[in-house]
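Since the structure comes first, as structure tokens, the remarks are kept for the end.
The values are calculated or read from the model by the stated rules, or taken from the named source; none is laboratory data. The structure displayed is predicted, hence computed values, not measured ones. Methodologically, a virtual Cβ is constructed for each residue, glycine included, from the backbone with ideal geometry; neighbour enumeration extends over all protein chains shown.
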Ligand SMILES: Cc1cc2nc3c(=O)[nH]c(=O)nc-3n(C[C@H](O)[C@H](O)[C@H](O)COP(=O)(O)OP(=O)(O)OC[C@H]3O[C@@H](n4cnc5c(N)ncnc54)[C@H](O)[C@@H]3O)c2cc1C
């Protein structure tokens, strides 16, 4: 066997798993098809829950003072109420998040995994799992046209929303209730940027939702997203929604007046709410977006990629303690149960709420109500960011 664990994908999920495993003495290899720093289409919002994990990994020094922090949220549906509120203080979570381009964040994370002892091969594309008697025991990879096979005690699929490993093993579930479509673009010269994540369920683009996230004092990450069932049912063009959001959304149009796009407008799919993946099969565990562990209300997935990376690593180390091997056997020790226990109650309620209540009239009522009292606003932020456990 070449490695204890091979990880496909060096995004937040793969890097956190690699870091954890290497720190515990495992011989671990991360393969990523890209060379870092690389772009990843994202809103770049690093929520307080993700910051908690990043700080506990030991990354506080690399983040603090180097990137824009946010301390609160703005919400507006385009009606009367514009809700602006700080992140409520809690004992378990920091009172701030960051906005960090994935170009920067993912390089920091992958370098950190390397510094902690993981081997990392960039520019290596995983093309298929190696499978014997239904069990994954390694991967096939391609590097500069050369094919190779790498064997391991266990494999972690952290290869994102279009996971080759999950797809090859029949583990992706393309259910529109758990799939979202998004577009994002960077703008320079944005007016009135503060230290708030601005989220606009604006009625001009409903049922899509838009965001303006402050990357620097003048640059913002601007985007729109919608659930696939809405896109199909209402025949939505996200490109048109983005144009409308920029030109017509009540509080966004003045902000972006005179701003210049400094990137192309790029799209991405998201797998949310645990419902678009089956998580595992013998020899293979999925984490992050490949496991559909993305917040169904906010579309935030970095938090959960970091957490599930660590959970998968801990799960494999438990296997070593109990059986002396990294080998993953879901029938005897399912990873799914751990994901369900930690997230299912919150994620299933979130999926249901978005499906039933994500409508302009309800948004107006909700924002009117939360505007009445600070404790309602605090509650809303805690619920949106899952600031519990
Ligand atoms: C437009 C948009 C906006 C978003 N905004 C936010 C936000 O503001 N905050 C937030 O928390 N989340 C956001 N998300 C979700 C977030 O981007 C993902 O949940 C998160 O990136 C998941 O991390 P991951 O490590 O699982 O996968 P990824 O970050 O996708 O990393 C997967 C890695 O695997 C590599 N890879 C893929 N295939 C292969 C292969 N075959 N072989 C080798 N390597 C491979 C890729 O190069 C990549 O480096 C957004 C998503 C989109 C699309």
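A compact table of results
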quantity	calculated
Evaluation of residue 214 against (1) in contact with a helix residue (DSSP H, G or I) (Cβ under 9 Å, 6 or more places away or on another chain); (2) within 29 Å of residue 368 (Cβ to Cβ); (3) within 15 Å of the ligand (Cβ to nearest atom) (one fails), failing number	(1)
Selection count where residues are closer than 25 Å to residue 185 by Cβ and away from the ligand (no atom under 11 Å from the Cβ), scope segment 293-310	2
Output for segment 277-292, where each listed residue is within 12 Å of the ligand (Cβ to nearest atom) and touching a strand residue (DSSP E or B) at 6+ places or on another chain (Cβ under 8 Å)	277, 286, 287, 289, 290, 291, 292
Residues satisfying the stated conditions in segment 107-127, i.e. in contact with a strand residue (DSSP E or B) (Cβ under 8 Å, 6 or more places away or on another chain) and on the phi < 0 side of the Ramachandran plot	110, 113, 114, 118, 119, 120, 121, 122, 124, 125, 126, 127
Any hit, segment 190-212, residues being touching a residue at least 24 places away in the same chain (Cβ under 8 Å), part of a strand (DSSP E or B) and farther than 30 Å from residue 256 by Cα	no
Helices (runs of 4 or more DSSP H) (entirely within segment 223-337) containing at least 2 residues that are in the same structural domain as residue 161 (by TED's automatic domain parsing) and modelled with pLDDT of 95 or more	302-323
Which numbered condition residue 42 misses (of (1) surrounded by fewer than 24 Cβ atoms within 10 Å (Cβ to Cβ); (2) more than 19 Å from residue 154 (Cα to Cα))	(1)
Those residues of segment 356-369 which are surrounded by fewer than 16 Cβ atoms within 10 Å (Cβ to Cβ) and touching a strand residue (DSSP E or B) at 6+ places or on another chain (Cβ under 8 Å), in sequence order	none
Residue in segment 51-60 that is under 26 Å from residue 316 (Cβ atoms), within 14 Å of the ligand (Cβ to nearest atom) and out of contact with any helix residue (DSSP H, G or I) (no Cβ under 8 Å at 6 or more places or on another chain) present	yes
Any hit, segment 4-23, residues being more than 8 Å from the ligand (Cβ to nearest atom), surrounded by fewer than 24 Cβ atoms within 10 Å (Cβ to Cβ) and part of a strand (DSSP E or B)	yes
Residue 376 under 20 Å from the mean Cα position of the chain (by Cα) and modelled with pLDDT of 90 or more	no
Restricting segment 159-176 to residues that are part of a loop (DSSP other than H, G, I, E, B) and near the ligand (Cβ under 10 Å from one of its atoms), the residue that is surrounded by the most Cβ atoms within 10 Å (Cβ to Cβ)	159
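Let's see how each residue does on (1) away from the ligand (no atom under 16 Å from the Cβ); (2) within 23 Å of residue 49 (Cβ to Cβ):
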site	(1), (2)
312	no, yes
318	yes, no
324	yes, no
329	yes, no
332	yes, no
336	yes, yes
370	yes, yes
